[in-house]
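The values are calculated or read from the model by the stated rules, or taken from the named source; none is laboratory data. Remember, predicted model here, so these are calculated numbers, not experimental data. Positions of Cβ are backbone-derived with ideal geometry, glycine not excepted, and every protein chain shown enters the neighbour counts.
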Amino acid sequence: DGVVQGRGIKCRLCTKALKKIQALAGDNPDEAAVVAALQKGCRALGRAKGKLCQQMVNKYRDQITEGLQNGDMPQDICTAMGICRS
């Protein structure tokens, strides 16, 4: 059904964006590194996805920052934010 699929696309976008952001932030990132990576990571996805990515980042900035600093996997962070289902 449509809800699950819509969620699947968002989940894939979230995971993809966070993988990119995680790679940009590096190991053991401080908050400044994460913030810079959040901006760069969304831009790297192109215009349409980048815009969705930016909205997601703005909404969940604290959770994303905390997750990346804890070394959580992108999939786990997206699940914790309720975008992906476990």
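Within region 1-28, being modelled with pLDDT of 90 or more, of a type outside the set (A, V, I, L, M, F, W, C) and surrounded by 15 or more Cβ atoms within 10 Å (Cβ to Cβ) holds for T15, K16, K20, Q22. Total residues in region 51-61 satisfying the condition of being loosely packed, with under 15 Cβ neighbours inside 10 Å and either within 11 Å of the chain's Cα centre (by Cα) or not charged (D, E, K, R) (or both): the figure is 4. From the list A17, A48, pick out the single residue that is among the small types (G, A, S) and free of Cβ contacts under 8 Å to residues at least 40 places away in the same chain. That would be A48, the only listed residue that is among the small types (G, A, S) and free of Cβ contacts under 8 Å to residues at least 40 places away in the same chain. Pairing residues of region 56-81 that are among the aliphatic types (A, V, I, L, M) with residues that are not in a helix (DSSP H, G or I), at Cβ distances under 7 Å and at least 6 apart in sequence or on separate chains, gives L68/P29. Out of all the residues in region 72-83, is one or more exposed (fewer than 13 other Cβ atoms within 10 Å of the Cβ) and of a type in the set (D, E)? No, every residue in region 72-83 fails to be exposed (fewer than 13 other Cβ atoms within 10 Å of the Cβ) and of a type in the set (D, E).
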